[in-house]
Amino acid sequence: MAKRRPPETDKPSFRERFEAMRNLPAFFRQIWQTSPLLTTLNLLLRLGRAIVPAASLYTGKLIVDEVVRLTSTHSSDLNTLWLWIGVEFGLAILSDLLSRGINLSESLLGDWYAHRTSVRLMEHAATLDLAQFEDAVFYDKLERARQQTAGRTQLLSQVFGQLQDVLTMTSLAVGLVAFQPWLLALLLVAVIPSFLGELHFNARSYSLQHGWTPQRRELDYYRYIGASDETAKEVKLFGLSDFLIRRYESLSEQYFRENRKLSIERAGWGSLLLTIGTVGYYAAYGYIVVRTVSGAVSLGDLTFLAASFRQMRGLLEGLLGRFNSISQGALYLKDLFEFFEIRPNIVSPVHPLPFPAEIREGFTFDDVGFKYPNSDKWAVRHLSFRLHPGEKLALVGENGAGKTTLVKLLGRLYDPDEGQILLEGRDIREYDLAELRAHIGVIFQDYLRFQFSAGDNIAVGDILQRENQPVIERAAQQSLADDVISRLPGGYGQPLGRRFSGGVDLSGGQWQKVALARAYLREADLLILDEPTSALDARAEYEVFQRFAELTKGKMAVLISHRFSTVRMADRILVLEGGKVLEIGTHEELIRHGGRYAELFELQAEGYR
C-alpha cells in the first residue's frame, strides 16, 4: 500500500490560540448548568487551598526564627515554638482535606459534564440530515466532537487550577516584592523561554492530531473489521487477516513516525529551555544566601524567600504551561462547538400542516428530480406518478435504477432538487417532519441488527410501545417472527447478537422476520418494504408477502423485490431505469405491453424452467 500523508493543517498561530479562548465562557456556562452546587463548592475549596502555601511557608519562617532565637538565648520556653509547629501541622491537615475535596467535587462535576455533553451530542446528531452522515468531512467533525466529550473534564481541572495558582502566586509575591521586586522580573525571564517552547510544540501537536482525523477513523475501521463477530466469516474465508494487519501497520507506523519526530524535538528543546529557568532560579537563590550571610535578612527569611521563589517558579511554569494546555484545549473545544453549530437542512416548517386524519388522494410525485450531495449525476429525474390510497405499488428495476432513492424521498430523508412530492395535494415539506415519519413504516434491506433483546428489537419500530407487550407480540405474529422467538431460551427478553454475554444470534431469515415486525408495530398509513426478504427462501418470502397483503388492506404500501412472483402481488408495478419511470401498470398490462418488465420477467422465469 502506498504511503499516504494526511492533508497538511496549518499550525495555529499565537493569535488564533488566544482567540480560541473565547470558547471558554460558553464552556463555563455549560459547566455551571451541569451543577451550580458542585461548581461553587469546587471554586470555594480552591480559594482556601490557594492561601495555604503562603501561610505554611510563613509559618515555617517563624519556626526557624524561633529556633534561632531559642538557640542564641539558650531559652527553655518552647511554648511559642510549639504553637507555630501546631499551626503548621493544622495547615498540612487542612491542605490535604481541601485537596481531597477539590478532587472529589471535580471528579463528580467532570463525569456529570461528560455525561450531559454525550447526551447533547447524541440529541443533536439525531436532528441532522442523512446526507450529512454520508459526508466524510461531517464524519471528521463528528469524530472530533466525540473525542471532546470526555477530554473536556481535564480542561475544567486546568482552568480551575489556573485560578487557584494565580491566587497562590499573588500571596507568595507579597514577600518577594517586600524583599527585592527585581526577583519577580528575574523569575519571568527564567520561565518565559520554556513557556514559548511549549506553546510552539503544543500548536504542532494540535496540528498533527487535527490533520490525522480521517486516518484515525481509517485505523479504527481496520481494527473493527479485523476483530469483529460481524466480519469474522469473510475475514477468515477470504484470508484477509494479513491484508488488514499490513494496512493497519502501514498507516499506524506512519503516524508513529510523525509523532516520534515531534516528541524528540519537543524533549530536546524543552530540556534546553528548562536549563535557562534553572540558571535563573539559582542566581536568585545565591543572591538571597549572600544577603543572609551579610546579616541583611534572617535565617527564617532565607527559608521563606528561597522556598517562595522556588514555589513561584514552579507555579509560574505551571501557569504558563497550563495556558498552553488550556489554549490547546480551547482549540479542541472549538471542534465540539462547531459540531453543535451544524444545522439540518430538512426541517419542519414554522407552522406545519396537521397530518391528514384520512388520506383521500395519496402521494403524488410531480416531476421529481434528485442528486446525491457531491454528485453530478441525477439519481432520479422527471419522476411523475401517484400512489393511491389503499394501493400496493411495487418498484422494479436493476440495481442503481433509483428504487431506494425514491423510498428515501418519500420519508423525507432527502428533499427533491426538482419538482415536489405531494400528500393530499400539499407539498410534504409543509407537514411536521416527525409526524410525517411517524405515519410511514420503512424496513430497508440493510436494516440494523440491534444487540438488544428480541422484544426491544421489535419495539424500535415504535419505541413508545416498548412496554406494551401484547402489541409487540401481535407484531411478531404478523411478521411470522413469533415462531422464531418462541424457540429462544429467554423468549422476548432474550438478548440477540453475540456482542454481549448471553446473546443468541439468528440466521439471516430469522433476523428479517424480527425486522419486519418493526414495520407492523408502527401501524403506519404507508408501509415500505425495501428488499426486506432477501435472506428468505422463495416459499418463506411468498408466505411473508401473503401475510403482508392481508395486513395492509386499506393501507398504502410500497414494496421492492427482485422476485417477480412477489412483485405481481402488487396492484400496480412501476419500472425504473436510469432514475426515470420507464413503465407503470398491473402485471398483466406490463406483460401485454412487452416492454422492459416483460423482458425481465421472462429472464427470471427462464431460470426456473
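The residue that is surrounded by the fewest Cβ atoms within 10 Å (Cβ to Cβ), counting only those in the stretch 84-125 that are under 17 Å from LEU37 (Cβ atoms), in contact (Cβ under 8 Å) with a residue 60 or more places away in the chain and among the charged types (D, E, K, R), is ARG116. Checked against the criterion of being assigned by TED's automatic domain parsing to the domain that holds SER327, under 30 Å from ARG498 (Cα atoms), at pLDDT 75 or above and not acidic (Asp, Glu), the stretch 230-239 contains not a single residue that satisfies it. Residues in the stretch 556-576 that are closer than 16 Å to PHE365 by Cβ and in contact with a helix residue (DSSP H, G or I) (Cβ under 7 Å, 6 or more places away or on another chain) were compared, and the one that is modelled with the lowest pLDDT is ILE560.
Scanning the stretch 238-256 finds no residues that are surrounded by 15 or more Cβ atoms within 10 Å (Cβ to Cβ), over 32 Å from the mean Cα position of the chain (by Cα) and in contact (Cβ under 8 Å) with a residue 24 or more places away in the chain.
Would you be able to tell me the number of residues in the stretch 480-494 that are crowded, with 16+ Cβ neighbours inside 10 Å and without any contact (Cβ under 8 Å) to a residue 60 or more places away in the chain? So the answer is 7. Put simply, of GLY362, GLY300, GLY329 the only residue that is under 23 Å from LYS408 (Cα atoms) and surrounded by 15 or more Cβ atoms within 10 Å (Cβ to Cβ) is GLY362. Does the stretch 464-474 contain any residue that is in contact with an Asp or Glu (Cβ under 6 Å, 6 or more places away or on another chain) and among the polar types (S, T, N, Q)? No, there is no match, as no residue in the stretch 464-474 is in contact with an Asp or Glu (Cβ under 6 Å, 6 or more places away or on another chain) and among the polar types (S, T, N, Q). Only one of the numbered conditions (1) within 25 Å of LYS553 (Cβ to Cβ); (2) modelled with pLDDT of 90 or more is violated by ALA524, and that is (2). Filtering the stretch 63-105 to residues that are closer than 26 Å to LEU47 by Cβ and either touching a Phe, Trp or Tyr at 6+ places or on another chain (Cβ under 7 Å) or modelled with pLDDT under 85 (or both) leaves only ILE63. When you scan the stretch 115-136, do you find a residue that is part of a helix (DSSP H, G or I) and farther than 27 Å from LEU433 by Cα, even just one? Checking the stretch 115-136: at least one residue is part of a helix (DSSP H, G or I) and farther than 27 Å from LEU433 by Cα. Residues in the stretch 416-424 include at least one that is part of a strand (DSSP E or B), buried (at least 17 other Cβ atoms within 10 Å of the Cβ) and on the phi > 0 side of the Ramachandran plot.
Give ALA284, ALA307, ALA296 a once-over and let me know the one that is touching a Gly at 6+ places or on another chain (Cβ under 9 Å) and among the aliphatic types (A, V, I, L, M).
Details: ALA284 fails: touching a Gly at 6+ places or on another chain (Cβ under 9 Å); ALA296 fails: touching a Gly at 6+ places or on another chain (Cβ under 9 Å).
Only one candidate qualifies: ALA307.
Using the structure shown, decide if GLN215 is modelled with pLDDT of 75 or more, of a type outside the set (A, V, I, L, M, F, W, C) and touching a Pro at 6+ places or on another chain (Cβ under 6 Å). Criteria met by GLN215. Here is a check on your reading of the model: is GLY497 in contact (Cβ under 8 Å) with a residue 24 or more places away in the chain, in contact with a Gly (Cβ under 6 Å, 6 or more places away or on another chain) and farther than 22 Å from LYS392 by Cα? Considered against the rule, which asks whether it is in contact (Cβ under 8 Å) with a residue 24 or more places away in the chain, in contact with a Gly (Cβ under 6 Å, 6 or more places away or on another chain) and farther than 22 Å from LYS392 by Cα, GLY497 comes out as yes. Residues in the stretch 425-463 that are among the charged types (D, E, K, R), outside any helix (DSSP H, G or I) and over 18 Å from ARG518 (Cβ atoms): ARG426, ASP427, ASP432.
Note on the stretch 36-77: among residues that are assigned to a helix (DSSP H, G or I) and small (Gly, Ala, Ser), the one that is farthest from SER95 (Cα to Cα) is SER72.
Could you list, in sequence order, all residues of the stretch 377-391 that are buried (at least 20 other Cβ atoms within 10 Å of the Cβ) and among the basic types (Lys, Arg)? The one that is buried (at least 20 other Cβ atoms within 10 Å of the Cβ) and among the basic types (Lys, Arg): ARG381.
Quick grid of which residues meet (1) surrounded by 18 or more Cβ atoms within 10 Å (Cβ to Cβ); (2) free of Cβ contacts under 8 Å to residues at least 40 places away in the same chain; (3) of a type in the set (Ser, Thr, Tyr):
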| position | (1), (2), (3) |
| --- | --- |
| ASP367 | no, no, no |
| TYR372 | no, no, yes |
| SER375 | no, yes, yes |
| LEU393 | yes, no, no |
| LYS403 | yes, no, no |
| GLN451 | no, no, no |
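Counting only strands (runs of 3 or more DSSP E) wholly contained in the stretch 346-409, the ones carrying 1 or more residues that are closer than 22 Å to ASP135 by Cα occupy 363-371, 378-387.
With respect to (1) out of contact with any helix residue (DSSP H, G or I) (no Cβ under 8 Å at 6 or more places or on another chain); (2) touching a residue at least 40 places away in the same chain (Cβ under 8 Å), the lone exception for ASP446 is condition (2).
Beta carbons closer than 6 Å, at least 6 apart along the sequence or on distinct chains, pair a first residue in the stretch 154-174 that is assigned by TED's automatic domain parsing to the domain that holds TYR58 with a second that is acidic (Asp, Glu) for SER157/GLU106.
The criterion of at least 3 residues that are over 21 Å from LEU406 (Cβ atoms) is met by the following helices (runs of 4 or more DSSP H) wholly inside the stretch 490-609: 508-521, 538-551, 587-593, 596-607.
The values are calculated or read from the model by the stated rules, or taken from the named source; none is laboratory data. Fair warning: this is a prediction, and the values are worked out from it, not measured in the lab. Heads up, the Cβs are rebuilt from the backbone with ideal geometry, glycines too, and the neighbour counts pull from every protein chain shown.
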